[in-house]
Amino acid sequence: MSKHCCSTEEITSAQEKNTSSNEIHSEHDGHNHGEAPTTKEGILKMFFPSIISFIVLMIGLGFDFLVKPEWFSGWIRIIWYALAYIPVGFPVLKEAWESILKKDVFSEFFLMSIATIGAFAIGEYPEGVAVMLFYSVGETFQDLAVSRAKGNIKALIDQRPDEVTILEDNQPKVVKAEHVEVGSIIQLKPGEKLGLDGELFSENASFNTSALTGESKPDTKRKGEVVLAGMINLNTVAQVKVTTEYEDSKLSKILELVQNATSQKAPTELFIRKFARIYTPIVVFLAIAICLVPYLFVEDYIFKTWLYRALIFLVISCPCALVISIPLGYFGGIGAASRNGILFKGSNFLDKIAEIQNVVMDKTGTMTEGVFKVQEVRIKPDFDKDELLKMVNVIESLSSHPVATAIHEFVGEIDHSIQLENTEEIAGHGLKASINGKELLVGNFKLLDKFNISYDIDPKNIVYTVIAIAFDEKFAGYITIADSIKQDAQQTIDKLHQLGVKTTMLSGDKSTVVDFVAKELGIDQAFGDLLPEDKVNKVKEIKARNESVAFVGDGVNDAPVVALSDVGIAMGGLGSDATIETADIVIQDDKPSKIPLAINIGKQTKKIVWQNITLAFVVKGIVLALGAGGIATMWEAVFADVGVALLAILNAIRIQKMKF
């Protein structure tokens, strides 16, 4: 019989143990058991002890109620039902004994052992076998449910090919992926998966990115653009230059996040774990009381009758439905999220995201594309426009900011004849340098204020992002740059409002730009011209109103506020490693529409978990009362116990089938 579920120790250790990349194991008291097989032969093998037990039990019942041979009595009848009991009962008795040796006396195995041995002691042999048989069948179904729930992680693991084809002296050579060095050229045929991160060496190629983003639509890449491990080449033979080690690839980090996700348990899981440790011994002592206490109050007390009621009480009290279905529910939520390109770093964040009241978001790279283009160049007549733009292009080459990229694309090649001296980046303001002894300032208007440079325009009247330029201590003009709003940004805000969640935008960009974007999307509040510490203070203000906050960002400067928020969400596609490391949830494809999706998954997971808790307590409470009162039989008890457990498990895995 499978020994996967129903032990609180087992569920806990299975959650806390990191999953290996080759096989996901569940663990019970130091014994590792492989994941439940899903082939027909494997499933048949799992059910084989139960099938044998069922056949022998049915023949015995046939002898008892239909054929009624004279020889089927006494020791022969006991031995017959004992043979039916052993295939399903021996593994449970063994587990109960091992648990006792490890001082975990009141396990679920102990409950089932007492109940079934007690049934044999009072002559209810068929019922003793039936209790253990249906318990065994229930356990096997639970194994299969857990195995299916782990399928999402297995699917992710399978995206990493063990071998790749590299070009060595222009000749293809198949090597182990983990042995490939940075700088090597990988050759990908159509349909092959990329094994390491790199940049496209061919002119262009199309890839299926579903392993990373949860979406299978083709993504066309051009030469020099980043391609990631797990992407599938679609059409032509492509070449990729490796830029990271195998173990440092984005997919490897994703797998590590998902594999470690269940180590951080939700409050509900922690409660059930503690509850089961207290609940089980209480149930045992109550069963003893049901058996013995009536002797003091009932005139026609019959020990066998009250022992039978106590055994019924033990059978129905087994907390299998709670102990397995609740962790399985959270596991299913994490799996459903990862299938949609959302990575939760722990099941506790499923609970937290479900209760979020205010989503605070960055602007650039989160709600906008982060791809800037120059809209207008206004240079004063006193300056040589072309020469000044060349100088701006040179100083911006020191920055990797999207604004700098937009200027490079607009101006063109960098003029290396221009020599910079005393270059300095002033956080939250811009860049400063000297050219031929004259000072060049490029940044926002706060930079000009800092150096007491006067200007004759009002920046507030300009909607777009403005790059102010000063040269030789004089205001020289400005460049306006615009960033386009993401296609699904409007859908994101609408869905958040439908969920009753407030929205706030915080950005270091100028207030007019931030206000414009916020007004376009219908965001409740927006604040611009913020330094990283200003963002932190704004989030503190929101939290001071007793509102739970989720912050969504992608830049290095967002890491402090991501850490401060109740739930930190990072845009994982283009986001910085610092922000992804700090965040609690990572959105792999940078789509803001995944934010309300994550909240919805959290809400549905929590709903299913509490449905299972309510179902288990109500049904068990009713049958416990009926059993103690002598109304329910052991047959009804076992059907109620196994039935509730299976219903709870089916409900728990239902989340993986949901379409959000």
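For this structure, a couple of remarks:
- Considering the conditions (1) assigned to a helix (DSSP H, G or I); (2) at pLDDT below 85; (3) small (Gly, Ala, Ser), GLY602 is excluded by exactly one of them, (2).
- Check on VAL315, farther than 30 Å from ASN546 by Cβ, modelled with pLDDT of 85 or more and touching a helix residue (DSSP H, G or I) at 6+ places or on another chain (Cβ under 7 Å): no
- Qualifying residues in the stretch 622-635 (those that are within 27 Å of VAL609 (Cβ to Cβ) and without any contact (Cβ under 8 Å) to a residue 60 or more places away in the chain) - the one most open to solvent (accessible area, probe 1.4 Å): ILE622
- For GLY370, the conditions (1) at pLDDT 85 or above; (2) closer than 19 Å to ASP483 by Cβ; (3) in contact with a Ser or Thr (Cβ under 6 Å, 6 or more places away or on another chain) are fulfilled apart from (1).
Conditions (1) under 13 Å from the mean Cα position of the chain (by Cα); (2) open to solvent by less than 30 Å² (accessible area, probe 1.4 Å), marked per residue:
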| residue | (1), (2) |
| --- | --- |
| ILE326 | no, yes |
| SER338 | yes, yes |
| PHE349 | yes, yes |
| ASN358 | no, yes |
| ASP382 | no, no |
| LEU388 | no, yes |
| LEU398 | no, no |
| HIS408 | no, no |
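- Of all residues in the stretch 125-159 being at pLDDT 65 or above and open to solvent by 20 Å² or more (accessible area, probe 1.4 Å), the one that is farthest from GLN187 (Cα to Cα): TYR125
- Hits in the stretch 449-476 (condition: in a loop (DSSP other than H, G, I, E, B) and closer than 25 Å to GLY370 by Cβ): ILE462, VAL463, TYR464
- Residues (open to solvent by 80 Å² or more (accessible area, probe 1.4 Å) and either in contact with a His (Cβ under 7 Å, 6 or more places away or on another chain) or charged (D, E, K, R) (or both)) located in the stretch 422-448: GLU424, GLU425, LYS438
- Qualifying residue in the stretch 507-516 (condition: closer than 15 Å to VAL561 by Cβ, open to solvent by less than 30 Å² (accessible area, probe 1.4 Å), at pLDDT 90 or above and among the hydroxyl-bearing types (Ser, Thr, Tyr)): no
- Filtered by the rule that a residue be closer than 25 Å to ILE426 by Cα and outside any strand (DSSP E or B), the stretch 516-544 gives GLY528, ASP529, LEU530, LEU531, PRO532, GLU533, ASP534, LYS535, VAL536, ASN537, LYS538, VAL539.
- HIS416 meets each of the listed conditions (1) modelled with pLDDT of 90 or more; (2) at negative phi; (3) more than 46 Å from the chain's Cα centre (by Cα) apart from (1).
- Flag: LYS94 matches the condition of being under 23 Å from LEU44 (Cα atoms) and open to solvent by 10 Å² or more (accessible area, probe 1.4 Å).
- Candidates LYS607, LYS657, LYS603, filtered to the one that is of a type in the set (Lys, Arg), open to solvent by 30 Å² or more (accessible area, probe 1.4 Å), in contact with a Leu (Cβ under 9 Å, 6 or more places away or on another chain) and over 26 Å from ALA287 (Cα atoms): LYS603
- At least 1 residues being more than 30 Å from SER565 (Cα to Cα) is the threshold, and among the helices (runs of 4 or more DSSP H) wholly inside the stretch 333-448 those reaching it are 385-396, 402-411.
The values are calculated or read from the model by the stated rules, or taken from the named source; none is laboratory data. No experiment lies behind these values; they were computed from the predicted model shown. Virtual Cβ from ideal backbone geometry, glycine too; neighbours counted across all protein chains shown. Only protein heavy atoms, including side chains, enter the accessible area calculation; ligands, DNA and RNA are left aside. Shrake-Rupley method; radii C 1.70, N 1.55, O 1.52, S 1.80 Å.
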